[in-house]
Amino acid sequence: FWGFNSSSSSDDIHLKTMSTMKNHFKDPEHLYSPWSFSKLTAFFFLLISISYLFYSLRFVSHSYDCDQPPHIPTITHHHTSNPPPQQKPPPFEETNLSHIVFGIGASAKLWKQRKEYIKMWWRPNEMRGVVWLEQRVKTEPGDENSLPLLRISGDTSRFKYKNPKGHRSAIRISRIVSETLRLGMKDVRWFVMGDDDTVFVTENLVKVLQKYDHNQFYYIGSSSESHLQNIYFSYNMAYGGGGFAISYPLAVALEKMQDRCIQRYPGLYGSDDRIQACMAELGVPLTKEKGFHQFDVYGNLFGLLAAHPLTPLVSLHHLDVVEPIFPNVSRVRALERLNGPMKLDPAGLMQQSICYDKGRTWTVSVSWGYAVQIFRGIFSAREMEMPARTFLNWYRRADYTAYPFNTRPVSRHVCQKPFVYFLSEAVYDSAANETSTHYIRVQENPDCKWKMEDPTRIKSVEVRKKIDPHLWDKAPRRNCCRVRRTKKKGSMVIDVGECRVDEVVEL
């Protein structure tokens, strides 16, 4: 427009413009000419346009760092009110008896006699549970206050049962877990199953369950004492008569699929193998606790109880099949005798201790709360911790290979037969702060011609033991026993308690 080319610099353009403006201002005629005023106005707008163009070119040509994000001012919010306090989690509560619900499988035909077993261990005001029957039974005065609730199982006629040796009541009993769950009891952590001829040591049951997280899937119980039974059914199965425990979330999962699962196994024999089949489908293995006792044996339980495994005694089953655990009394009376030591020190019940009377060369075995044995001569601890075969296998054979644990034969030599002293009394000595259990010999031993001191003159044994409520919170170890000196004739006094430093069972 002004006749300059694009190669002119911005400074040259500026100088030419200023020179032209000076010439116009010097000439008065030009200053007051109409044309001068219009030219001056044009120059003024031209100057503004050129300045704006220079500014725009500088803005476009400037290099900005794109990697740097633009600064965003921080906005601070000021709260005038205090934030709500955080809720504290509820305090941890260890599993106790109130968290357990028992489901007892029972038969109406045997209810009259078997309910007496339940009365021995049931605590109406402390426990929750249901006895499930196939039909109504006659109740007697006092039953309601000494037994769990009685209910009739649901109809199972729609389920197939094809085992020729069993009974279809197994289906009904296998559904006890699900039917008990549907009752909707609150604050349940464990469902414990058992039979009407099962006796539970409830304090020890609680102690065992405290080891496990009830929020996880747990299926807890034990195998049979019969090797052949375990082969026929499964070593992965918890035997229902000995009792087993199922955690609440696992019971919920089982209830959702159990009826469908039962339909898939019409050929199984019993209720407990149906439970195990469903557990296999859920992918939950058996967690074994040796204190649950099925007792698939016949005869005398003495050998098993006198050398009880190093674990809390939780249950006893098949009490109608075996002999009374104490001689010369009924089955119920024999079991009632255990109530004394069971109340004093349930953790120590049936626990074995082994020691020696070195002066008389005797071996002593104490099954606390049950029996004391004195043997002539020295028997190793390895031998004494094996159960003596005072019982027969479930298939009524005296076969030492028929058990899934080690056993030892009953000695046939008259001089090696033990002198057995059974519990007669259990008391607490507050002055000494210890328990005192008394044992007497009720059966005579045959004459022995060995020229060594004879235990025949020992008529009674007293065992002194302090209560150890934390026995099962520590690593498992047998208590030690020591024979005390006593001036009382015909008596032996034994101390039982935690082993001292470097104390070993050796002669």
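Bear in mind these aren't lab numbers, they're just calculated from the coordinates by the rules spelled out. In this text the structure is predicted, and so the values were computed from the model without any measurement. So basically every Cβ, Gly included, is an ideal-geometry build from the backbone, and we count neighbours across all protein chains shown.
For segment 91-191, the square roots of the Cα gyration tensor eigenvalues, ordered a ≥ b ≥ c, give a/c of at least 1.5 with a/b no greater than b/c, which places it in the oblate category. Placing one equal scatterer on every Cα of segment 200-284 and applying the Debye formula, the log10 ratio I(q)/I(0) at q = 0.21, 0.26 Å⁻¹ is -1.07, -1.35. Normalised radius of gyration (Cα atoms, divided by 2.2 N^0.38 Å) for segment 159-240: 1.28. If the viscosity is 0.890 mPa s and the temperature 25 °C, what translational diffusion coefficient in µm²/s does Stokes-Einstein give for segment 265-413 when Rh comes from Kirkwood over Cα pairs? Roughly 141 µm²/s, to the nearest whole number.
In order along segment 263-269, the Karplus-derived 3J(HN,Hα) couplings, from 6.51 cos²θ - 1.76 cosθ + 1.60 at θ = phi - 60°, round to 4, 7, 10, x, x, 5, 7 Hz, and Gly and Pro are given as x. If you take the alpha carbon atoms of segment 416-507 and fit the smallest convex hull around them, that volume is 148 Å³ per residue.
Sequentially through segment 166-178, phi angles give Karplus couplings (6.51, -1.76, 1.60; θ = phi - 60°) of x, 9, 5, 4, 4, 5, 4, 5, 5, 8, 4, 4, 5 Hz, Gly and Pro residues having no value and appearing as x.
Kirkwood hydrodynamic radius computed over segment 444-496 comes to 13.9 Å, based on all pairs of distinct alpha carbons. Based only on the alpha carbon positions, what is the Kirkwood hydrodynamic radius of segment 240-283, in angstrom? Mean inverse Cα-Cα distance, inverted, gives 10.9 Å. Modelled label positions at Glu255 and Asn96, each set 7 Å beyond Cα in the direction of Cβ, lie 2.5 nm from each other. Each semi-axis of the equivalent ellipsoid for segment 263-338 is √(5λ) with λ an eigenvalue of the Cα gyration tensor; in descending order they amount to 31, 16, 9 Å. Stretching the chain fully between Tyr428 and Met120 yields a gain of 108.8 nm (0.36 nm per residue, less the alpha carbon separation). With the simple spin-label model, which puts each label point 7 Å out from Cα in the Cβ direction, the Lys449 to Thr486 separation comes to 3.3 nm. Remark: C-alpha extents of segment 379-436 on the principal axes read 49, 28, 22 Å, sorted largest to smallest. Sparsely packed loop sites in segment 361-412 (the trypsin sites (Lys or Arg not before Pro) outside DSSP H, G, I, E and B with at most 16 other Cβ atoms within 10 Å) comprise Arg396, Arg397, Arg412. Semi-axes of the equivalent ellipsoid of segment 368-409 are 23, 13, 10 Å, computed as sqrt(5λ) over the eigenvalues of the C-alpha gyration tensor in descending order. Computed over all pairs of different Cα atoms, the Kirkwood value for the hydrodynamic radius of segment 163-207 is 13.0 Å.
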